[in-house]
Amino acid sequence: MPVLPARATPGRLMIDDHAIGQLRADFAAALAAVRTDRDLQALRDRYLGRRGGTVTALYSQIAAAPPDERRRIGQLANELKTWVEDALAERQKAIADLRTAADAIDVTLPGRPRAIGHRHPLTVVRERIESIFAHWGYEILDGPETEDDYHNFEALNMPPEHPARDMQDTLYLAEPLTRRLWSAGASPEASGPATLLRTHTSAMQIRYMESHRPPVRIIAPGRVYRRDSIDVTHTPMFTQIEGLVVGDGVTMADLKGTLTAFLRELFAADARVLFRPSFFPYTEPSAEVLIGCVTCGGAGCQVCKRTGWLEILGCGMVHPAVFEAVGYDAERHTGFAFGVGIERVAMLKYGVDDIRLFYENDMRFLEQFPA
Amino acid sequence: MRVPVSWLAEFTEVAATPAEIGDALTRCGFELASIETVPDQGDGPGDTVLDFEITANRPDCLSIRGMAREVALAFRQPFEPRARRRLTPSPNPISLPVTIEAPALCPRYTAALADVRVGPSPPWLAARLHAAGIRAINNVVDVTNYVLVELGHPIHAFDLHQLEGPELRIRQALAGESITTLDGQLRTLTEGMLVIADRSRPQAVAGVMGGLASEVTLSTRTIAIESAYFAPAAVRRTSKRLELSTEASYRFERGADIEAPLVALARVCELLEEIGAGQVTPGFVDVYPTVRGENRVPLRASRVAQLLGQDVPAPEIERILRALGFALVTEPEASTVAWRVAVPSWRGDVTREIDLIEEIARHHGLDRLPVTFPPLTVSPARLDVRLERDAVVRRVAASTGFTECVTFTFIERSAAEPFADASELVAIANPLSETFAVLRPSLIPGLVESVAHNRRRERKDVRLFETGSRFTRTSGESRAIALAWLGSATGLHWSGTDRPADFYDMSGIVEQLGRALGVGVRLEPASSPAMRDGHAALIHASHARGSALVGLVGQLREDLAAAHGVPPAEHLFVAEIDLDAMAALVDLGEHVEVVPLPRHPSVVRDLSLVVPAGLPAATLRATMLANAPETLVNLVEFARYQGKGVPEGHVSLSFRLTFRSPDRTLTDTEVHRAAEAIVAALAAEHGARLR
Ligand SMILES: [Zn+2]
């Protein structure tokens, strides 16, 4: 790298401020790259060496300069030399300091382990669904898992001997169980004895309506129980979220809008959603909601049994008999209800093909979900 | 319901492909399960069979006729049942007296007689039954089954000569009666079950299954044909009690058509003669004491719009309902469009306006309804404090390295017993198996099983937790969190600091949960059948609002852990906290009142005491607090030592005491005096001395 201006005329050197500035910048850059004593010595030789040192070369040119310039050039050369020497010395000290930290540690060894646990996938999905509805102003309810026949069946338009009870084979308690129930965030109150394990969380909706006037906007998550033998798609316990909206002028179109938006939040913004008539004793008209298969995108695969669609929700307009059971004016108030199985959602979202994995609690499975 | 397409075609024009029919019916509430091609049994062209799921509210569609009505409407084709023979009253009533003794359970009973030549059915009939999924038996039985499938009405045929009398009495079973049913099973009948009896004994379980004694066999010469209507609840009860479900009981318990018996009887007679199986005796019996009144339901077009969120034009409403057999009369008085709708006898499920609106919605099409959002007319409620509490607890557990589990709420009795008295256990009346016999009194057994599951899979370090309900007779249902810790306390590390987890790791987590929930935690030695002696403690939580016993922490008894497959050398630590008991104390930062920061320095004194080894630290602590001035603001154990310099049977325990006054700087002298007073009290009460 030329230290002096290349266009300098022989015999008349142009040692001006610009040239000196350039020289200082070049030196500083070279110094910053120095890591070892050897690098430092090489740099010192390059600038201060007796032969060919850049700064040394300035002195040899003083004699060749016009007499009126000599004094000025000499001053510049001295200043530069002092600056370079100081900088080299400082750097040398820094390198020495680094080397002499005898207690230096290996910062690349692993840090001390701080364990972090993982949320269960059913919790991850439940919390996700709860947060969607909480944002839409729904109240989240917590209620008992043991129930009486009235709240689980009768108030839901399923009197004794109703054939629809076959759809939900029930686990009964050997003897009635007296419980204290929490009522909407307040203190617990004694309640009639429970005789069965709830087959759905709808019972909580009945309890809520018994103590609240419309408008109603709630979801009720929780464990539910049916007398199903265990296989890849069935367990005698599973998790549900049911929702209920009651007010003046709530329509089936509102039901479609709400559940379509919900499924698109939960699965994909462009998810296809289909409503198809079905039957539940506590809603009428009732519908089953399907989404375009998340595995094949609708082309047909094993997951969707080649239909391109997956059943995901049951829903409908609240049956007037349910409103009558809780003392609502069935003529004035309308509403919709829906239920979704959390295991089903988790299986579809995460590609789980065996429901039993959720209850085996194998850490190799659980640790795949977020902390 | 298996529906052969050729059979449908006898009721309506079928221009669509089987796939199109399946699709159209699925869209109006009959989910297609499969499409299957069945070869003809002879040399015919074969048939296509559509298999549909029929919901419990639609027994009328457990028939070809019912499904054909839906298909006709879906494809806008007329529904025209073929003209059928009518049974004509004969001047001479048939020689079979029929008495209904239980008219509430059997509102209608019709019968006819026929002389028969029992033999195989013609191939076409056998093929139809085969396609519908029913095995051919003989021409007489096959005809009854054919009519069952076609019209949905169950028919039974008796061998007349096996009936004592002959006569038929429809009555409740008497105590001690029994019957051998067609499947060869001897069944004991109980009072309340409805039977068809001859003069002396039951010959059929009404609506469920006939008796073997009067079965139609190759030697049968004359038959009595039964076509009746039985009350749904009666058939359902009997079928459940006998654990016997048949094609007949399935239909009767969902509700048959009380106007169908004669139509079905006529169809049986027609078919018997058509296939040459017999000659029907002129005349019939029809015992029908209370004729069904007409069921009329009001319907308003405005209500349809109010429920569906869309106006459905009146002509569309009328088209749909008429095609389904409803008769509509416009209400002239009404200010808006309204009808009185007569419900056909086969639609027992339709009793009120909403049922009609569902019919309209099904066939109008749910996909045609608009997509809107309900207005928010109420301010959102605040989150239930218990849900917030559970979320905090889960977050703390996970952040301290515990992974969340979900285990079954019901467990084996033997697994539950160490955690509650046998009298406290809540048993399930009809468990799937002994593995699920009782509701868990504690979350720990399920958690232990999950720990063991992982340990058996070579996972040595396991930290798991679960939140959920547990059940005892006295406490009912309560919410809890349980934690389990097996293996390393810290995890493998090159520094060699790794050690097995111990009691204090687990109790530290309990204290941390307490801090997260804003309550103080105090432990007290405890013994429990589930815990290793001397290694367990009761957990007391305290707060300004009071204190309560909230749980148990300790080492699980070694043999319990070993029973699940945890190696004997490894210690399993568990804790369980009653979150509902905690909820009364918890105040998740709702009512914080800030205390001014201290303006004066604190003074620290360390006391190393030599005390008897069996003396709990909590006892020393209590004595110190009771004898300290208000300026003692913190007290913490910081060293414990046993060995050289400490007498046998004693332990050295060091406490760090922090003194501070809110309004002045304490002097050395007064702190010194306070410490001396504390030491004196410890010496007097516990024989403690300074080391
Ligand atoms: Zn698919």
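The values are calculated or read from the model by the stated rules, or taken from the named source; none is laboratory data. Here the structure is a predicted model, which is why all the values come from computation and not from measurement. Heads up, the Cβs are rebuilt from the backbone with ideal geometry, glycines too, and the neighbour counts pull from every protein chain shown. Heavy atoms of the whole protein, side chains included, go into the accessibility calculation; ligands, DNA and RNA do not. Shrake-Rupley method; radii C 1.70, N 1.55, O 1.52, S 1.80 Å.
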Revision key, fill the gap. Taking segment B:382-414 and keeping only residues that are under 16 Å from B:Pro445 (Cα atoms) and either in contact with a Leu (Cβ under 9 Å, 6 or more places away or on another chain) or part of a strand (DSSP E or B) (or both), one is left with B:Glu404, B:Cys405, B:Val406, B:Thr407, B:Thr409, B:Phe410, B:Ile411, B:Arg413
Exercise for review: Answer yes or no as to whether A:Lys349 is at pLDDT below 95, part of a helix (DSSP H, G or I) and either within 16 Å of the ligand (Cβ to nearest atom) or closer than 23 Å to B:Arg303 by Cα (or both).
Suggested key: yes
Practice item. Go through segment B:609-646 and give me each residue that's touching a strand residue (DSSP E or B) at 6+ places or on another chain (Cβ under 7 Å), assigned to a loop (DSSP other than H, G, I, E, B) and not hydrophobic (A, V, I, L, M, F, W, C). Key: B:Pro616, B:Thr631, B:Gln642
Review point. Taking the stated definitions as given, is A:Tyr359 among the aromatic types (Phe, Trp, Tyr) and in contact with a Phe, Trp or Tyr (Cβ under 8 Å, 6 or more places away or on another chain)?
Key: yes
Review point. Which one of these does B:Ala114 not meet: (1) in the same structural domain as B:Asp23 (by TED's automatic domain parsing); (2) over 15 Å from B:Val263 (Cα atoms); (3) not β-branched (Val, Ile, Thr)?
Key: (1)
Review point. With B:Thr217, B:Thr246 as the choices, which residue is within 30 Å of the chain's Cα centre (by Cα) and open to solvent by 10 Å² or more (accessible area, probe 1.4 Å)?
Key: B:Thr246
Practice item. Please go through segment A:273-309 and pick out each residue that is surrounded by fewer than 23 Cβ atoms within 10 Å (Cβ to Cβ), touching a residue at least 24 places away in the same chain (Cβ under 8 Å) and within 12 Å of the ligand (Cβ to nearest atom). Key: A:Val294, A:Thr295, A:Gly298, A:Val303, A:Trp309
Exercise for review: Considering (1) modelled with pLDDT of 95 or more; (2) open to solvent by 10 Å² or more (accessible area, probe 1.4 Å); (3) within 14 Å of another protein chain (Cβ to nearest Cβ), say which one B:Ala323 fails and leave the rest.
Suggested key: (3)
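Would you mind finding the one in B:Arg463, B:Arg470, B:Arg456 that is of a type outside the set (Phe, Trp, Tyr), in the same structural domain as B:Phe419 (by TED's automatic domain parsing), within 30 Å of A:Thr108 (Cα to Cα) and within 38 Å of the chain's Cα centre (by Cα)? Steps first, please.
Values: B:Arg470 fails: within 30 Å of A:Thr108 (Cα to Cα); B:Arg456 fails: within 30 Å of A:Thr108 (Cα to Cα).
The match here is B:Arg463.
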**Study point:** Residue list for segment A:142-156, restricted to those being assigned to a loop (DSSP other than H, G, I, E, B) and open to solvent by 20 Å² or more (accessible area, probe 1.4 Å)
**Key:** A:Asp142, A:Asp148
Check your understanding: Hey, among the residues in segment A:244-287 that are closer than 22 Å to B:Glu31 by Cβ and among the charged types (D, E, K, R), which one's farthest from the other protein chains (Cβ to nearest Cβ)?
Key -> A:Arg272
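So that you can scan it fast, the table gives a plain yes or no per residue for (1) crowded, with 22+ Cβ neighbours inside 10 Å; (2) facing chain A (nearest Cβ under 7 Å); (3) farther than 30 Å from B:Pro529 by Cβ:
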| residue | (1), (2), (3) |
| --- | --- |
| B:Asp384 | no, yes, yes |
| B:Val393 | yes, no, no |
| B:Ile411 | yes, no, no |
| B:Ala416 | yes, no, no |
| B:Glu424 | no, no, no |
| B:Thr435 | no, no, no |
Revision key, fill the gap. Residues in segment B:332-341 that are under 27 Å from B:Asp257 (Cβ atoms) and surrounded by fewer than 16 Cβ atoms within 10 Å (Cβ to Cβ) total 1
Point to revise | Selection count, segment B:425-436, where residues are at pLDDT 95 or above and not β-branched (Val, Ile, Thr) | key: 2
Point to revise | Top-ranked residue of segment A:310-325 - restricted to ones that are within 14 Å of chain B (Cβ to nearest Cβ) and open to solvent by 30 Å² or more (accessible area, probe 1.4 Å), ranked as farthest from the ligand (Cβ to nearest atom) | key: A:Glu324
Practice item. Tell me, please, whether a residue that is within 29 Å of the chain's Cα centre (by Cα) and open to solvent by 20 Å² or more (accessible area, probe 1.4 Å) can be found in segment A:247-258. Key: no
